[in-house]
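Novice: Quick one: the structure is below, questions incoming.
The values are calculated or read from the model by the stated rules, or taken from the named source; none is laboratory data. Everything quoted here is computed from the prediction, not taken from an experiment. Cβ atoms come from the backbone with ideal geometry, glycine included; neighbour counts cover every protein chain shown. Keep in mind that these areas ignore ligands, DNA and RNA; they rest on the heavy atoms of the full protein, side chains included. Shrake-Rupley method; radii C 1.70, N 1.55, O 1.52, S 1.80 Å.
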Amino acid sequence: MTDLTPNSTFLIAGIVFITIAVIGQSKLGFVEINPGCFGRFLALIIGISSLFYALGLLTFSTENIDLLRTSLTEQIKQSIRSINDLLQGS
């Protein structure tokens, strides 16, 4: 048996949630799915975001993610310094 990677997990979850959003009220053997209007909308949002996340995991390498993380960390540190300077100056 193969290991489930995060990418395939989000891909499967996205397909399942979009299927629930499209089918809506159904009876599959002993399981009854009745999400209602809000549940179908929520399943659609979760499904689309899961598929986009799975697509993002495919396109980004670990080097790009590390570069993005360090860049965001530096921007947050600069923002905190500027906020501290504003608070100390006033």
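Novice: Expressed as an acute angle from 0 to 90° and rounded to the nearest 10, what is the orientation of the C-alpha long axis of helix 6-23 relative to the principal long axis of the chain?
Specialist: 50
Novice: Another question about this same structure. Give me the accessible area of Ser82, 1.4 Å probe, in Å² rounded to the nearest 10.
Specialist: The value for Ser82 is about 60 Å².
Novice: Using a 1.4 angstrom probe on the protein heavy atoms only, could you order Asp85, Asp3 from most to least accessible area?
Specialist: Details: Asp85 100, Asp3 135 Å².
The residues order as Asp3, Asp85, largest area first.
Novice: Now for a separate question. Report the charge-dipole magnitude of the chain in Debye, nearest 20, computed about the Cα centre from +1 at each Lys and Arg Cβ and -1 at each Asp and Glu Cβ.
Specialist: Computed about the Cα centre, the dipole is about 260 debye.
Novice: Full-extension gain between Ile80 and Cys37, please, as 0.36 nm times their residue separation minus the C-alpha to C-alpha distance. Mind dumping the intermediate values first?
Specialist: On the way: separation 43, 0.36 × 43 = 15.48 nm, distance 4.29 nm.
Result for the pair: 11.2 nm of gain on full extension.
Novice: Per residue, how large is the accessible surface of the chain? Use a 1.4 angstrom probe and give square angstrom.
Specialist: 83
Novice: Carbon and sulfur atoms: what percent of the 1.4 Å accessible area of the chain do they account for?
Specialist: 69
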